[in-house]
Each structure stands twice: as C-alpha cells, then as structure tokens.
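Q: Sending over a structure as structure tokens; questions will come in a sec.
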C-alpha cells in the first residue's frame, strides 16, 4: 500500500486504536461471526486506562497513512504473545496486516524468541497459517454469555540465537 508508515504506538493513539479495533470487529469479521458474537466481542470501543496500558506495555506497532490509523499489532516481547492484530475494514487484504506482522516477527527474532503464540479469530486464522503458523487447538471463549470460536496458534522461530520465552 502506497504511503504506508509503520511506527511505534504513542499513548495518544489509544482512543483512535480503540475505535479502529471496534470497527474491525464489528465491520470486518461479519463473514465469520454473527452480529451477536461481534457485539459481545466488542460492545463499545475500549477507552479505559486498561486499554492504554495494554498498548503501551506491549511492543505495539501502528500503520498509518496520511495521519490516518489503518492498523496495529501488539507483541509481548517477554512471552512471544501476539494479543492484538487488527486493520481497518476498508484496507483489509491490501498488505497492511502483512507489513505490521513482518515488523513484529522481525522484532521477535531480533530479541531471540524461539516461538510466537496467539489466539486468532476465525478470520485471522488463514492470515497466520499463510505465514507458517500451526493450529494448536480450537476453542470457544465466552464474552457476555455468547460463545466465540477462535484458534490457538503458534509459530516456531527456532534458529541461531533463539531463546525460549
């Protein structure tokens, strides 16, 4: 995607990323999740202090173009856990997630991690599988009394200099 900038998250990004997350869930996952499931997953944009803390404490990278937030991913460099991987619905399939992911995997490798893990949505499962991730198990999580299926996935980064997280 032309004009795409990947940069570290700033504290001031938190509200915009909360709205991007909410839109990505509500508008971008309709092919795999029902309206009830999407409403339970993200009833409203997460605008609390806990959301800001999650973004700041993780290695969060943000994609933007022309000062517009287009996506973000988070990596816990201590554990190799990718918690959030979301792009704006209008740029899905245009390389934003791929670029964000490449940056995070590069950081994980540079830190010497030997394994990455995530809980992927049914929509994100194919994205991760195309990048060498394997399904560990399928599961249902519950949010607000609604069952949401997702997939626990992992990727080995084993190689020279890798450390077990």
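The values are calculated or read from the model by the stated rules, or taken from the named source; none is laboratory data. Note that the coordinates shown come from a computational prediction; the quantities given were computed from them, not determined experimentally. Because the Cβ atoms are built from the backbone with ideal geometry, glycine has one as well, and the counts that use them run over all protein chains shown.
Q: So, in segment 41-59, how many residues would count as being within 22 Å of residue 122 (Cα to Cα) and touching a residue at least 24 places away in the same chain (Cβ under 8 Å)? Give the steps one after another, and end with the answer.
A: Step one: list which residues in segment 41-59 are within 22 Å of residue 122 (Cα to Cα), which gives 41-46.
Next, from what is left, pick out any that are touching a residue at least 24 places away in the same chain (Cβ under 8 Å): 41, 43, 45-46.
Residues meeting the conditions: 4.
Q: With respect to residue 94, is the statement that it is part of a loop (DSSP other than H, G, I, E, B) and farther than 21 Å from residue 153 by Cα true?
A: Working: part of a loop (DSSP other than H, G, I, E, B): yes; farther than 21 Å from residue 153 by Cα: yes.
Against the criterion (part of a loop (DSSP other than H, G, I, E, B) and farther than 21 Å from residue 153 by Cα), residue 94 qualifies.
Q: Turning to a different aspect of this structure: Among the residues of segment 125-146, which ones are in contact (Cβ under 8 Å) with a residue 24 or more places away in the chain, at negative phi and touching a helix residue (DSSP H, G or I) at 6+ places or on another chain (Cβ under 8 Å)?
A: Result: 127, 131, 143, 146.
Q: Can you give me the number of residues within segment 47-58 that are within 18 Å of the chain's Cα centre (by Cα), surrounded by fewer than 19 Cβ atoms within 10 Å (Cβ to Cβ) and not in a helix (DSSP H, G or I)? I'd like the intermediate steps shown before the answer.
A: Within segment 47-58, the first condition is being within 18 Å of the chain's Cα centre (by Cα), and the residues that meet it are 47, 50-58.
From the residues that got through so far, the ones that are surrounded by fewer than 19 Cβ atoms within 10 Å (Cβ to Cβ) too are 47, 50-51, 53-54, 56-57.
In the following step, the residues that additionally are not in a helix (DSSP H, G or I) were identified as 47.
Qualifying residue count, segment 47-58: 1.
Q: Could you please let me know if residue 38 is touching a helix residue (DSSP H, G or I) at 6+ places or on another chain (Cβ under 7 Å), within 21 Å of residue 144 (Cα to Cα), assigned to a helix (DSSP H, G or I) and without any contact (Cβ under 8 Å) to a residue 40 or more places away in the chain? I'd like the intermediate steps shown before the answer.
A: On the way: touching a helix residue (DSSP H, G or I) at 6+ places or on another chain (Cβ under 7 Å): yes; within 21 Å of residue 144 (Cα to Cα): yes; assigned to a helix (DSSP H, G or I): yes; without any contact (Cβ under 8 Å) to a residue 40 or more places away in the chain: yes.
Here the answer is yes, as residue 38 does meet what is asked.
Q: To continue, here is another question. Please work out which one of (1) modelled with pLDDT under 95; (2) farther than 22 Å from residue 8 by Cβ is the condition residue 67 fails and give its number.
A: Here residue 67 meets the rest and fails (2).
Q: Looking at 62, 56, 87 in this structure, which one is closer than 16 Å to residue 18 by Cα, in contact with a helix residue (DSSP H, G or I) (Cβ under 9 Å, 6 or more places away or on another chain) and modelled with pLDDT under 95? Walk me through it before giving the result.
A: Details: 62 fails: modelled with pLDDT under 95; 87 fails: modelled with pLDDT under 95.
Residue meeting the stated conditions: 56.
Q: Give the number of residues within segment 73-90 that are buried (at least 21 other Cβ atoms within 10 Å of the Cβ), closer than 15 Å to residue 53 by Cα and either in contact (Cβ under 8 Å) with a residue 60 or more places away in the chain or under 8 Å from the mean Cα position of the chain (by Cα) (or both).
A: Number satisfying all stated conditions: 2.
Q: Of the residues that make up segment 117-132, is at least one within 24 Å of residue 77 (Cβ to Cβ), modelled with pLDDT of 95 or more and loosely packed, with under 11 Cβ neighbours inside 10 Å?
A: The answer is yes; a qualifying residue exists.
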